[in-house]
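*Asks:* Here it is, the structure in full.
The values are calculated or read from the model by the stated rules, or taken from the named source; none is laboratory data. Keep in mind that what you see is a predicted model, and the values were worked out from it rather than measured. Counting neighbours? That spans all protein chains shown, and the Cβs are built from the backbone with ideal geometry, glycine included. Note: accessible area is taken over every heavy atom of the protein model, side chains too, but ligands, DNA and RNA are not part of it. Shrake-Rupley method; radii C 1.70, N 1.55, O 1.52, S 1.80 Å.
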Amino acid sequence: MLELPHLDQVDQEIIKLLHENGRISYAKIGEILNLSRVAIQKRVENLIEKEVIENFTIRLNATKLGKVISAFFEVEVEPRFAEEVGNLLSADSNVISIYQMTGSSSLHMHALLKDDAALEDFLYQNIYKLKGVVRVNTQVVIKRFKQGTGLEL
């Protein structure tokens with residue numbers, strides 16, 4: 001497990017248990033750690049307040065939901081348009097993540113799409129037409145070895 005030295009052992013154990021199963025009840029955590037449900041609830045609320053825990057979520061199977069194309073894009077943008085282009089692309093429901101990277105003014109983006117036609121449409125209608133876009137390098141995932149959901153423990 002990743003060491004979290006700024007947290008005491010109990011908080012580290014709570015985080016480990018929640019990371020393994022975000023649906024585990026406070027009562028069950030308390031039973032495992034020999035603490036009351038209320039004590040666990042207060043500790044979790046404190047971790048949320050301190051923003052150690054950002055949110056509780058589920059992971060959806062994109063393929064089962066009809067999103068079979070997983071593509072990464074390196075979008076080179078004129079520096080003065082980087083913020084605008086980043087905001088416009090981040091509003092697109094196909095976009096999973098988007099980051100401004102160091103080096104040339106580029107945005108690194110991940111999108112999930114229905115099929116090849118949707119990928120082509122996304123490129124031409126959602127990226128190429130944006131003011132300030134200089135070049136786009138697209139890579140399609142053929143095999144996934146690991147998928148992260150944030151900090152892995």
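*Asks:* Filter region 51-95 for residues that are open to solvent by 100 Å² or more (accessible area, probe 1.4 Å), in contact (Cβ under 8 Å) with a residue 40 or more places away in the chain and either assigned to a strand (DSSP E or B) or more than 24 Å from V140 (Cα to Cα) (or both) and give the result.
*Replies:* The answer is E54, T57, R80.
*Asks:* Look through region 22-35, keep the residues that are open to solvent by less than 70 Å² (accessible area, probe 1.4 Å) and closer than 21 Å to N55 by Cβ, and return whichever of them is modelled with the lowest pLDDT.
*Replies:* Among those residues, the one meeting the criterion is G22.
*Asks:* Could I ask something else about it? Determine if region 100-110 includes at least one residue that is in contact (Cβ under 8 Å) with a residue 12 or more places away in the chain and β-branched (V, I, T).
*Replies:* Within region 100-110 (the criterion being in contact (Cβ under 8 Å) with a residue 12 or more places away in the chain and β-branched (V, I, T)), the answer is no, since none of the residues qualifies.
*Asks:* Here are some residues: L107, L153. Which one is modelled with pLDDT under 95 and touching a helix residue (DSSP H, G or I) at 6+ places or on another chain (Cβ under 8 Å)?
*Replies:* L153
*Asks:* Going by the structure shown, is L107 under 14 Å from A71 (Cβ atoms), open to solvent by less than 20 Å² (accessible area, probe 1.4 Å) and within 19 Å of the chain's Cα centre (by Cα)?
*Replies:* Considered against the rule, which asks whether it is under 14 Å from A71 (Cβ atoms), open to solvent by less than 20 Å² (accessible area, probe 1.4 Å) and within 19 Å of the chain's Cα centre (by Cα), L107 comes out as yes.
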